[in-house]
Amino acid sequence: MGNPTGFLEIARVTPERRPVTERIHDWKEVYKDFPDEKLKSQASRCMDCGVPFCHQGCPLGNIIPDWNDLVYRGRWQEALARLFATNNFPEFTGRICPAPCEGSCVLGINADPVTIKQVEVTIIDRAFKEGWVKPQVPAVRTGKRVAVIGSGPAGLAAAAQLNQAGHWVTVFERADRIGGLLRYGIPEFKMEKHVLDRRLSLMLDEGIRFRTNANVGVNVSVDELRHDFDAILLAGGSTDPRDLPVPGRDLKGIYFAMQYLPLQNKRCEGDDIADADFISAKGKHVVIIGGGDTGADCLGTAHRQGAKSIVQFELLPKPPAERAVDNPWPNWPNIFRTSSAHEEGGARDYCVLTKSFSGNNGQVEKLHAVRVEFVERNMREIPGSAFEIPADLVLLAMGFVGPEKNGILAQLGVSLNERGNVAVNGTKMTNVEGVFAAGDMSRGQSLVVWAIREGRVAAREIDRYLMGSTDLP
Ligand SMILES: Cc1cc2nc3c(=O)[nH]c(=O)nc-3n(C[C@H](O)[C@H](O)[C@H](O)COP(=O)(O)OP(=O)(O)OC[C@H]3O[C@@H](n4cnc5c(N)ncnc54)[C@H](O)[C@@H]3O)c2cc1C
Ligand code: SF4
């Protein structure tokens, strides 16, 4: 702990966002660079707690006080080693993680928490800039072969770990590019895709094989995989979206978020998508149903496409500005947050239940809703509160109900748990010998940081299954 009084003298500072008027005209990340000197001073706010609750808050168990101290002392390469000890992809989590570690930071009890996420992303960005991140090719190959189905953060983390253990890993991805939701869910303005490509290029150099347009269970047979590989990891994500089966749902102009967002991400990649095949918010009254992060991603995308108006509806009440009494530290603070997309415009409305859609010539034009209240956790409609608003484009962002049940899961005969996700035992193995599962596919809809953790744990267990013991962390 370089500066024992840092937390008393220095206020929390986070990087500035680029001006709204500038950023809504491009797709680049919204945050400005954060100078090293400022970062060092922020790192010096860390108290190097005897019991660092930030560890407990981070699903990866990141060794946060160590990096804070090393950054404060300017020992960047040692900080990088600590970062990689627990996380394969700090350049992803440092950009897009909601940072549960900060919610658990001890300083957060009576002050603003340490800017942990900013320290993380600065270390790794600097490391790439300085050329410190090099492919780590395993010295010895075991001859074992592992198929990873799905190239989101869970599949990628598992692939990286299994490759380090010396196994030959092939990642199968049904999309045309690798990355899962990192590629086609998360918009460019949250994470520019060259960050992902840079990592994938390292993984290729390390010996990992990637097969795109490979839809296992459709154009790649499950039997072939069972025959060719010694173990299989299912990391196909939670891709079945929650629907809103109300009258008018079949009108044109109503889409799931994951029908809308990937098209823009593809255009940002330079793909030539005809207007007839594209979903654009340009000049439209847009209604987003779902007040979470996916909804916010739709919001930021619709701003940049030039929507006429945007409203985001949420069924639940508006969260409080401060932690409620039943939501104490070190739990994740359920508080009202303003993401970069919210700062850019649009309205948010809470306790709204959509009843139906209406339109003309098969195209949606209006959304009909009613206000609700919650009494002892029971929702009831408020009499006389019905209203309607114009809606040319409706985006459903109400989460996901689990993995797709047909296809690969049915063909493998994999059992599901009571929540409809792939059931695994303590070693992440499914009921089918040699078939493991990780990430949203078994955990349910979650976060990138959890997917990385799940991928790492599954890799360790697969290594143990193949070799009888494991040295993977
Ligand atoms: C719009 C959106 C924004 C989000 N933003 C954030 C955020 O900012 N921060 C955060 O922490 N979390 C965010 N999340 C959640 C996070 O992205 C997920 O929790 C995480 O990506 C899950 O990782 P995964 O590897 O389990 O699955 P995914 O990332 O979903 O990847 C699964 C991959 O498997 C492929 N696949 C499925 N079936 C097959 C098959 N049969 N054959 C071949 N390939 C297959 C899919 O095409 C997909 O590419 C967001 C989610 C969404 C939807
Ligand atoms: S809980 Fe906060 S102050 Fe304590 S060690 Fe972790 S980052 Fe530092």
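The values are calculated or read from the model by the stated rules, or taken from the named source; none is laboratory data. Keep in mind that what you see is a predicted model, and the values were worked out from it rather than measured. Here the Cβ positions follow ideal geometry from the backbone for every residue, glycine too, while neighbour counts run over all protein chains shown. Keep in mind that these areas ignore ligands, DNA and RNA; they rest on the heavy atoms of the full protein, side chains included. Shrake-Rupley method; radii C 1.70, N 1.55, O 1.52, S 1.80 Å.
Counting heavy atoms of the protein chains alone, I63 has an accessible area of about 50 Å² for a 1.4 Å probe.
Measuring r between the beta carbons of R267 and K129 and using R0 = 25 Å, the FRET efficiency lands at 0.35. Every Cα-Cα pair of segment 414-466 was included, and the share exceeding 18 Å stands at 25 percent.
For K308, the aspartates and glutamates whose Cα falls under 12 Å of its own Cα, not counting residues fewer than eight places away in the same chain, are D392. Taking amide H atoms as placed 1.01 Å from N in the peptide plane, the amide H of S309 lies under 5 Å from those of K284, H285, V286, each 5 or more residues away in sequence or on another chain.
In segment 383-436, what trypsin sites (Lys or Arg not before Pro) fall in a loop by DSSP, with at most 16 other Cβ atoms inside 10 Å?
For trypsin sites (Lys or Arg not before Pro) across segment 383-436 that sit outside H, G, I, E and B with at most 16 neighbouring Cβ atoms in 10 Å, the list reads K405, R419.
If R0 equals 22 Å, the separation of the Cβ atoms of K28 and L202 corresponds to a calculated FRET efficiency of about 0.45.
At the residue level, H25 shows approximately 150 square angstrom of accessible surface with a 1.4 angstrom probe and all protein chains present.
Couplings 3J(HN,Hα) for segment 187-197, derived from phi with the Karplus relation 6.51 cos²θ - 1.76 cosθ + 1.60 (θ = phi - 60°), are x, 4, 5, 9, 8, 5, 6, 5, 5, 6, 4 Hz, where x marks Gly and Pro.
Here the 3J(HN,Hα) profile of segment 289-296, calculated from phi with Karplus coefficients 6.51, -1.76 and 1.60 at θ = phi - 60°, is 9, x, x, x, 5, 5, x, 5 Hz, Gly and Pro shown as x. Per residue, segment 292-434 exposes an accessible area of 51 Å² to a 1.4 Å probe, with every protein chain left in place. If you filter segment 433-472 for GluC sites (Glu not before Pro), then keep DSSP loop positions with at most 12 other Cβ within 10 Å, what is left? Filter output for segment 433-472: E433. As a fraction of the 1.4 Å probe accessible area of the chain, surface on carbon and sulfur atoms comes out at 50 percent. Cysteines in the chain lacking any other cysteine Cβ under 4.7 Å from their own Cβ: C46, C49, C97, C105, C268, C298, C351. Ignoring lysines fewer than eight residues from K144 along the same chain, the ones with Cα atoms less than 27 angstrom from its Cα are K134, K428.
Under the classification rounded if a/c is under 1.5, otherwise prolate if a/b is larger than b/c and oblate if not, where does segment 217-281 fall, given a ≥ b ≥ c as square roots of the Cα gyration tensor eigenvalues? Verdict is oblate for segment 217-281. Counting only protein heavy atoms and using a 1.4 Å probe, the accessible area of C49 comes to about 40 Å². Taking the Cα centre of the chain as the origin and placing charges on Cβ (Lys, Arg +1; Asp, Glu -1), which of G103, I116, I208 is farthest toward the positive end of the dipole? Positive-end residue among those listed: I116. Within the chain, the longest segment free of exposed loop sites, counting chymotrypsin sites (Phe, Trp or Tyr not before Pro) that fall outside DSSP classes H, G, I, E and B and have at most 16 other Cβ atoms within 10 Å, spans 133-277. With every protein chain in place and a 1.4 angstrom probe, the accessible-area ranking of K28, K266, largest first, reads K28, K266. Per residue, the chain reaches -9500 deg cm²/dmol at 222 nm when only DSSP H runs of four or more residues are counted, each adding -39500 (n - 2.57).
3J(HN,Hα) along segment 39-51: 5, 4, 5, 5, 4, 6, 6, 5, 8, 6, 4, x, 10 Hz, from the Karplus curve 6.51 cos²θ - 1.76 cosθ + 1.60 with θ = phi - 60°, whole Hz, x for Gly and Pro. Considering every alpha-carbon pair of the chain, the percent of pairs per 20 Å bin, from zero through the bin containing the longest distance, is 22, 54, 23, 0.
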